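Below is one structure; the comments refer to it alone.
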Amino acid sequence: MAKVKLKLQDKSDSELLTFSQQHIAAMTGNSNFTTPAPTVIAFQALHDEFEAALDAAALAAETSKQKTSTKDVKRSALERGLTDRGSYVDMTSGGIEAKILSSNLPVRDAAAPIGPMPAPIDFLATMGDMEGEMDLTWSRVRGAKSYIIQHSENVSPRVWSQKAVSPKSSATITGCTPGAICVFRVAAIGAAGQGPWSDESVKMAP
């Protein structure tokens, strides 16, 4: 779904004024946005007041800090007005890019999809507080929706079985045989499916 991208703080005063004027022209008679917020009159007033303050500041830049301060206040007000207009356009356009662009407001870049998950790192199994309980921790994987945890006895080759699925980068495993050497591994699951397994972590169950 398309969204408005303003980045007003990156614009100079003159660029902001031009941007605002182009937006006003684009919104005039625009059938996509018939009830703008702020209203046509209110937004035009914000634009005109900033333009007047900008002109005054330019004329008195050397002698009048007050006018420059007033200009900054009016700029902030215009930025708020543009931000409100962006919110209005977002809600009214239904996320249709062509409608947003018809208001002369730019559209945010689409989020880049996250590819295959890497293997979790810093995977560590430690004894839990209760008999047969193991605490597992690892570093969070960006983009992971959940993590799958497998267990094997300390045999070769390993015989893996699923022990848990966790939405966060930690889990507590119960029901381990006290005194048994337990082997664990974890993999991240994202939009592209399951990633590779982590390094094994081996620990005796309490």
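The values are calculated or read from the model by the stated rules, or taken from the named source; none is laboratory data. Quick caveat, the model's predicted, so the values are computed rather than measured. Using ideal geometry, Cβ is built from the backbone for each residue, glycine included, and neighbour counts are taken over all protein chains shown.
Based on this model, can you work out whether V186 counts as among the hydrophobic types (A, V, I, L, M, F, W, C), modelled with pLDDT of 95 or more and buried (at least 16 other Cβ atoms within 10 Å of the Cβ)? Judged against the criteria, V186 is a match. For V155, the criteria (1) surrounded by 12 or more Cβ atoms within 10 Å (Cβ to Cβ); (2) within 11 Å of C182 (Cα to Cα) hold in every case but one, which is (1).
Filter segment 1-35 down to residues that are of a type in the set (S, T, Y) and either touching a Gly at 6+ places or on another chain (Cβ under 6 Å) or surrounded by 18 or more Cβ atoms within 10 Å (Cβ to Cβ) (or both), then give me how many there are. Number satisfying all stated conditions: 1. Output yes when any residue across segment 111-125 is within 30 Å of K7 (Cα to Cα) and in contact with a Ser or Thr (Cβ under 7 Å, 6 or more places away or on another chain), and no when none is. No. I'd like to verify a number: residues in segment 26-52 that are in a helix (DSSP H, G or I) and either closer than 16 Å to L8 by Cβ or of a type in the set (D, E) (or both), how many? The qualifying residues number 7. Scanning segment 89-119 for residues that are more than 19 Å from the chain's Cα centre (by Cα) and loosely packed, with under 11 Cβ neighbours inside 10 Å yields a total of 1.
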